[in-house]
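Below is one structure, written out as structure tokens; comments come after it.
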Amino acid sequence: MTEKIARLLVAGSASIHTWRFLSGIAPFVDELYLACNGEVPADRRPANLKGELPVDFSLKALSTAGRLKSWIAEVKPDVVHVHQANSVAWHARRALAGSSIPMLLTAWGSDVLLLPDQNPLMRAMVRGNLKAAAAITSDSLYMAAKIRELAGDCRIALLNYGIDALPPAPMVGAKKKQLLSCRLHKPLYRIDAILNGWAEVENGGRFADWKLVVAASGGETENLKRQAASLGLKRVEFTGFVDSATLGRLYEESRVFVSVPRSDATSISLLEAMGHGCLPLLSNLPANGEWAIDGLNGVIAEDVGRLGPELCRAMALAEDDEALGRIAEMNRGLVAAKALHRANMAGFADLIGELAAQKV
């Protein structure tokens, strides 16, 4: 891209993913504008964020499209970049109806992989949102295929938010005999299954010098702690929410990263774990298969309901320093080639610039 984008209006929910996108795209844009259901934290606010519109993105907020339409007419952006193909996109596409301003739509995962299966109305909404976009971005080939199932022929670019930088090469021999879980404590991520599997590990005795660290928090945290107590687990540490520096240290220390959600696209936590040289133990999801091949550079658990043997298989592989070193090198190469933040933001900027140039 040779020229900066003059004006970009972003519509997205209050989320760390939205804040990371804003800071990443800011160097490529003269003026940024944000329609959001929350305020950008002061330490995440780009200097060129010139205006914000507080909005309600819920389906019941029928006035949101009109407010967005008026603000778009005032701002006159070159492109409206919408994050998530859910109600956010529903409001945005109605606001842009009849306009020549192109809409770029970035799918996040559950908006395409889960929401359309809730009921026919949700499926129709998501399909309409996708069809209204001039281009769509997906962070995995699998999600791109689901988008085509829903929307038919459409323009899709494979881009992800990536990790900020590739960490220094890990000292594999210095890593602890430790597994790390750091996904949110929500039913989707099945942390309860990890605890059940870990109970089998503790009862087996083969890996008596290993421990499980359960980071992050969420609505299920107290239930998970009660579950651990009822199972009599002795080698589980709940850290609660940790900042990025602490999380980086946990990745650096851990030999195995375990993440077994029911549905997922490309997970930033997976990319971070791979960058830090952890062996990934993952649920058998198509997007996970784009990053890890079972027995080669990770372990894929087919039956999350019986996770104990897969935890043991991952630990047996990861406690071999030579094997883990080879896996770490392979995985870091994948992250360097496909999942660095700056390179992906440049890809977003090129796409936005191309759409802006095509505006009538």
Out of the residues in region 344-360 that are open to solvent by 70 Å² or more (accessible area, probe 1.4 Å) and of a type in the set (A, V, I, L, M, F, W, C), state the one that is nearest to Asp164 (Cα to Cα). Ala357
What is the one condition in (1) in a helix (DSSP H, G or I); (2) crowded, with 16+ Cβ neighbours inside 10 Å that Ile300 does not satisfy? (1)
Lys60 fails exactly one of (1) open to solvent by 30 Å² or more (accessible area, probe 1.4 Å); (2) within 23 Å of the chain's Cα centre (by Cα); (3) of a type in the set (D, E, K, R), namely (2)
Selection status of Asn48, buried (at least 22 other Cβ atoms within 10 Å of the Cβ) and out of contact with any Lys or Arg (no Cβ under 6 Å at 6 or more places or on another chain): no
Kindly indicate whether Ala349 is touching a Phe, Trp or Tyr at 6+ places or on another chain (Cβ under 6 Å) and farther than 22 Å from Arg183 by Cβ. yes
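Every residue, every condition in (1) in contact (Cβ under 8 Å) with a residue 60 or more places away in the chain; (2) among the β-branched types (Val, Ile, Thr), yes or no:
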position	(1), (2)
Ala6	yes, no
Val10	yes, yes
Leu22	no, no
Tyr33	no, no
Ala42	no, no
Pro46	no, no
Pro54	no, no
Ser58	no, no
Ala73	no, no
Given the criterion among the hydrophobic types (A, V, I, L, M, F, W, C), more than 19 Å from Tyr142 (Cα to Cα) and at pLDDT 95 or above, identify the matching residue among Leu105, Leu96, Leu115. Leu96
Give me a count of the residues in region 311-334 that are closer than 26 Å to Ile268 by Cβ, surrounded by fewer than 21 Cβ atoms within 10 Å (Cβ to Cβ) and in contact with a Phe, Trp or Tyr (Cβ under 7 Å, 6 or more places away or on another chain). 1
Taking region 151-162 and the residues there that are in contact (Cβ under 8 Å) with a residue 24 or more places away in the chain and open to solvent by 10 Å² or more (accessible area, probe 1.4 Å), the one that is farthest from Ile25 (Cα to Cα) would be Cys154
Please specify each residue of region 110-141 satisfying the condition of being closer than 20 Å to Leu270 by Cα, among the small types (Gly, Ala, Ser) and buried (at least 23 other Cβ atoms within 10 Å of the Cβ). Ser138, Ser140
Test Leu68 against the criterion of being open to solvent by less than 10 Å² (accessible area, probe 1.4 Å), in contact with a His (Cβ under 9 Å, 6 or more places away or on another chain), under 18 Å from Tyr161 (Cβ atoms) and not β-branched (Val, Ile, Thr), and give yes or no. no
Every residue from region 193-222 that is part of a helix (DSSP H, G or I) and open to solvent by 70 Å² or more (accessible area, probe 1.4 Å): Asn196, Glu200, Asn203, Glu222
Region 176-192, residues that are open to solvent by less than 10 Å² (accessible area, probe 1.4 Å) and either outside any helix (DSSP H, G or I) or free of Cβ contacts under 8 Å to residues at least 12 places away in the same chain (or both): Gln178, Leu179, Leu180, Ser181, His185
Expected output for region 194-220 (first residue on the phi > 0 side of the Ramachandran plot and touching a residue at least 24 places away in the same chain (Cβ under 8 Å), partner open to solvent by less than 10 Å² (accessible area, probe 1.4 Å) and part of a loop (DSSP other than H, G, I, E, B), Cβ below 7 Å, 6+ apart or cross-chain) is Ala216/His185; Gly218/His185
Give me the residue from region 86-98 that is in contact with a helix residue (DSSP H, G or I) (Cβ under 7 Å, 6 or more places away or on another chain) and either free of Cβ contacts under 8 Å to residues at least 12 places away in the same chain or not aliphatic (A, V, I, L, M) (or both) and, out of that set, least open to solvent (accessible area, probe 1.4 Å). His91
Exactly one condition in (1) part of a helix (DSSP H, G or I); (2) over 21 Å from Ala35 (Cα atoms); (3) in contact (Cβ under 8 Å) with a residue 12 or more places away in the chain is false for Leu130; which is it? (2)
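The values are calculated or read from the model by the stated rules, or taken from the named source; none is laboratory data. All values reported here derive from a predicted model rather than from experimental measurement. Here the Cβ is made from the backbone with ideal geometry for all residues, glycine too, and neighbour counts use every protein chain on show. Just so you know, the surface numbers come from the protein's heavy atoms only, side chains and all, with ligands and any DNA or RNA stripped out. Shrake-Rupley method; radii C 1.70, N 1.55, O 1.52, S 1.80 Å.
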